Every structure is written in C-alpha cells, then in structure tokens.
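**Student:** Here's a structure for you.
The values are calculated or read from the model by the stated rules, or taken from the named source; none is laboratory data. Small disclaimer: the values here were computed from a predicted structure and weren't measured. Heads up, the Cβs are rebuilt from the backbone with ideal geometry, glycines too, and the neighbour counts pull from every protein chain shown. Side chains included, ligands, DNA and RNA excluded: accessible areas come from the protein's heavy atoms. Shrake-Rupley method; radii C 1.70, N 1.55, O 1.52, S 1.80 Å.
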Amino acid sequence: MTWGGKRFATLSNGEFFEPISPFKREREKLAKLQRKLSRQKKGSRNSRKTKIKIARLHHHIADSRRDFLHKTSTQIAQNHSTVYVEDLKVSNMSASAAGTIENPGKKVKQKSSLNRSILDQGWYAFFRMLSYKLEWSGGKLIKVDPRNTSRTCPQCGLVSAENRKTQASFACVACGYRANADLVGAINVLRAGRARLACGMSGAVRPLSAGTQRDPLQH
Ligand SMILES: [Zn+2]
C-alpha cells in the first residue's frame, strides 16, 4: 500500500481510496472566519458568535475526517490480512520541509503543501486504526522502507528516476511498462516487504509476534 496526494491510499491489487477532499473548502471557510474574528472587537457579541462558528467548524472537520479514516481502515482490514505499507515517517517529512531553506521556492512550496495534505488526511491516525483492526482479525500491518519503490519497474526491475517523468504516471524507459505511479509504488512495497520478511531482515520491517501471522503473502 502507498500513500499519495491525489489518492489517499493505493493497494497493489489496483484498489484505491480517494482523498478526503472537503477539507480544503472547509479550511478556506475557517480562514475566512478567523479573518473576520480578527477584525471584530474583542469580547463583543459578534466576536463571540464568530468564535462559536469556528469551534463548530473544527468539530465538523474532525468528525468527518475520523469517519472517513474509520470506514477506510475497516474496509481494508476486512478484505486483507497482512498489509505492507509504505513507511513515510510523517513527522520527519514535516520537519524537513521547514529545513530546506537553502533550496527555496517551488520545492519548499510543494513539500509544505504535501505536508499540509498529510496532516489533513490524518495518516498517523489511519496507521493506528488499520494496525489494531488488522490485529483484531489476526493480521498485521508491516511498515516497509519505501526507498526506490517509486522508481523501480515492476516488470523488468530497472531502477531509474527517468521512469517517473510525471507525478501521476510511471513509464519504464527500458521495457515500456506503463501504469499509474501509485499502483507501481504499491506493487513494489509489497514485493520489498515480502523479500525482507523472507530473508529475515529486521530494521525497516516490524518484527512479527509468533502465531499471529495468518498469511504473509497477502497485501
Ligand atoms: Zn521496465
């Protein structure tokens, strides 16, 4: 399974989940209310009204996010036992965007908007939900180091940045294999996770507790 900006999550069988889109609209609404509040006199009747509206909107955003994360994680946990997931180390990504001052402009902007969408979509919370729901049904969530998983051709094995000319699509420069880039990532994460399990490497792979592994050869 991989995470993406355009898609919330993609599985190696081609199944994917759309991102939680309403937040963008609601975030704009929130910013508008906050601007309004800053113009209003502190402690006035109108400013209290605006504060209540802001609190309601926060609640609404949190509720619909939680709802989406629960539905999605339940659906995945019901249909799969072991899930290999791209380990994004969300906190590290958030920290590194702020640190790229020596390379400002487009990249920082892209990165911080990616971080914004990571935080918006609540992937940390999703990780936890999926992990305990899989364990309830005897499965497991296994984090996989995503190195090269976006650049490796699933058909011929060529590892090249050239395979990713655009963010959304994968086109192998050696064998011509084409597919959605998130799907390619998900296939590679699954293979890398299985390979690391097979040769008993730990590190990026979470150790398995004995007896809970139902079928390590599923997504
Ligand atoms: Zn290829």
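**Student:** In region 41-61, which residue that is open to solvent by 40 Å² or more (accessible area, probe 1.4 Å) and among the hydrophobic types (A, V, I, L, M, F, W, C) is nearest to E26 (Cα to Cα)? Spell out the reasoning first.
**Tutor:** Pass one, region 41-61, residues open to solvent by 40 Å² or more (accessible area, probe 1.4 Å): 41-43, 45-46, 48-49, 51-53, 55-56, 58-60.
From the residues that got through so far, the ones that are among the hydrophobic types (A, V, I, L, M, F, W, C) too are 52, 55.
Numbers: I52: 15, A55: 12 Å.
Top of the filtered list is A55.
**Student:** Would you please name the residue that is farthest from the ligand (Cβ to nearest atom), looking only at residues in region 139-177 that are among the small types (G, A, S), in contact (Cβ under 8 Å) with a residue 12 or more places away in the chain and over 17 Å from L88 (Cα atoms)?
**Tutor:** Across region 139-177, the extreme among qualifying residues is G139.
**Student:** Could you grab me the full set of residues in region 140-167 that are under 20 Å from the mean Cα position of the chain (by Cα) and open to solvent by less than 20 Å² (accessible area, probe 1.4 Å)?
**Tutor:** From region 140-167, those under 20 Å from the mean Cα position of the chain (by Cα) are 140-152, 164, 166-167; that's our starting set.
Residues satisfying the conditions are K140, L141, I142, V144, T149.
**Student:** Give the residue, chosen from K36, K24, K51, that is among the basic types (K, R), in a helix (DSSP H, G or I), modelled with pLDDT under 75 and farther than 18 Å from L11 by Cα.
**Tutor:** Details: K36 fails: modelled with pLDDT under 75; K51 fails: modelled with pLDDT under 75.
Only one candidate passes the filter, namely K24.
**Student:** Go through region 178-193 and report how many residues are away from the ligand (no atom under 14 Å from the Cβ), open to solvent by 10 Å² or more (accessible area, probe 1.4 Å) and either in contact with a Leu (Cβ under 7 Å, 6 or more places away or on another chain) or more than 24 Å from S81 (Cα to Cα) (or both).
**Tutor:** 1
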